[in-house]
Amino acid sequence: MHLHSVYSDGKLTPRQIVKKLAQAKINFAVLSDHDTVSGVGEFAREAKLAKIDTMPGVEISAEEHGIGVHILGYGININDKRLMDIFKKQQAERRKAFDRYVALFKKAGFIINRRKYLEFRKIKSVAKPHVFRLIWDVPQNQKLCYEKYHFQKSKFGPQTEFIQAFMESPDQLAYVNKKSITAKNAIQSIHAAGGVAVWAHPGIEIEFKNEKIFNEVLKGLLSNGIDGIESFSSSRHLTKARIKYLYGLTRRHKLIATIGSDDHDGTRIGTKLSTLKVPRRYHEDGLTELKLKLAVNSK
């Protein structure tokens, strides 16, 4: 229920994603690209041919208490004007941020492939993984990362280490503070479009190492009408204890508990590399709760 395609920062087309889903015998999935629904129609057509159930989805970048959060919208009307306006503004801000990221890396001595830069800049929802690919595809840049910045080989791959080392906090060489809409606006817009709003991979942002900040953000999201929490995610920061805690929050606050791999390249779709292994009943319960909430919203 949390997949990304080439329409945002994924590596696969909707058709390629559906092929992997079918191979893994997954019978329900949602494409939730960042701040765009451009791939939803294609995904739905391919999913239908493969006999995979789906619904429209999106992942909106937002802020709560000054902290960046991602809000998943499920079952939305993809032609809703309010959402379209938000996506247009978010995409413009993403392009501005992309330009700033590239300028900062160039200033730090990294080589920029001009052709690749112009190619990525055309993407509506250009994001940090695109910056990573732009830099990492140049061998001299990789050498710089290992020799000057002492990168270590990671089982999670270089992308995660790259983003966390250079782009996550204000003291890093390529940090950019993007303007985002408020979580309240994102949640209300999803609701107005007939959808359900879910907090994606809660706690993944670096600021949430402080539990007090996590609780403040949670309180804010609850007051703004969040419907669910992605309790089960393959994000590497989630331990079994943390997943149990997040699931407990959904029971305590009567929220929907969803499951999302946050796949960007197909490696988290039914493969041995996938770290997301959740008992079937949680899949069934979460989907049932989600559909019941959508039915209520449609009234």
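The values are calculated or read from the model by the stated rules, or taken from the named source; none is laboratory data. All figures in this text were calculated on a predicted structure; none of them were measured in a lab. Using ideal geometry, Cβ is built from the backbone for each residue, glycine included, and neighbour counts are taken over all protein chains shown. Protein only, heavy atoms only, side chains kept; ligands, DNA and RNA dropped before computing areas. Shrake-Rupley method; radii C 1.70, N 1.55, O 1.52, S 1.80 Å.
Let's see how each residue does on (1) under 26 Å from Met55 (Cα atoms); (2) crowded, with 20+ Cβ neighbours inside 10 Å; (3) modelled with pLDDT of 95 or more:
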position	(1), (2), (3)
Gly73	yes, yes, yes
Leu83	yes, yes, yes
Arg94	yes, yes, no
Lys107	no, no, yes
Arg114	no, no, yes
Ile135	no, yes, yes
Tyr146	no, no, no
> So which residues in the stretch 203-217 are touching a residue at least 60 places away in the same chain (Cβ under 8 Å), under 18 Å from Thr250 (Cβ atoms) and in contact with a helix residue (DSSP H, G or I) (Cβ under 7 Å, 6 or more places away or on another chain), if there are any at all?
Replying inline: Phe208
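Let's see how each residue does on (1) within 18 Å of Lys11 (Cα to Cα); (2) more than 18 Å from the chain's Cα centre (by Cα); (3) of a type in the set (Asp, Glu):
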| residue | (1), (2), (3) |
| --- | --- |
| Asp35 | yes, no, yes |
| Ser38 | yes, no, no |
| Glu42 | yes, yes, yes |
| Lys48 | no, yes, no |
| Lys51 | no, yes, no |
| Val58 | yes, no, no |
| Ser61 | no, no, no |
| Glu64 | no, no, yes |
| Val69 | no, no, no |
> From the list Leu104, Leu118, Leu72, which residue is more than 24 Å from Gly203 (Cα to Cα) and in contact with a helix residue (DSSP H, G or I) (Cβ under 9 Å, 6 or more places away or on another chain)?
Replying inline: Leu104
>> Among (1) within 27 Å of Thr54 (Cβ to Cβ); (2) open to solvent by less than 50 Å² (accessible area, probe 1.4 Å), there is one condition Tyr101 misses while meeting the rest; what is its number?
In response: (1)
> Hey, Ser125 hits all of (1) within 29 Å of Thr13 (Cβ to Cβ); (2) assigned to a helix (DSSP H, G or I); (3) hydroxyl-bearing (Ser, Thr, Tyr) but one; which does it fall short on?
Replying inline: (2)
>> If I go through the stretch 25-61 residue by residue, how many of them are touching a helix residue (DSSP H, G or I) at 6+ places or on another chain (Cβ under 6 Å), under 16 Å from Trp199 (Cα atoms) and not aliphatic (A, V, I, L, M)?
In response: 1
>> Can you find, within the stretch 149-193, the residue that is most open to solvent (accessible area, probe 1.4 Å) among those that are without any contact (Cβ under 8 Å) to a residue 40 or more places away in the chain and in a helix (DSSP H, G or I)?
In response: Gln188
> Which of the following residues is of a type in the set (Gly, Ala, Ser), modelled with pLDDT of 95 or more and in contact with a helix residue (DSSP H, G or I) (Cβ under 8 Å, 6 or more places away or on another chain): Gly266, Gly220, Gly270?
Replying inline: Gly220
> Quick check: anything in the stretch 253-270 among the hydrophobic types (A, V, I, L, M, F, W, C), in contact with a strand residue (DSSP E or B) (Cβ under 8 Å, 6 or more places away or on another chain) and free of Cβ contacts under 8 Å to residues at least 40 places away in the same chain?
Replying inline: yes
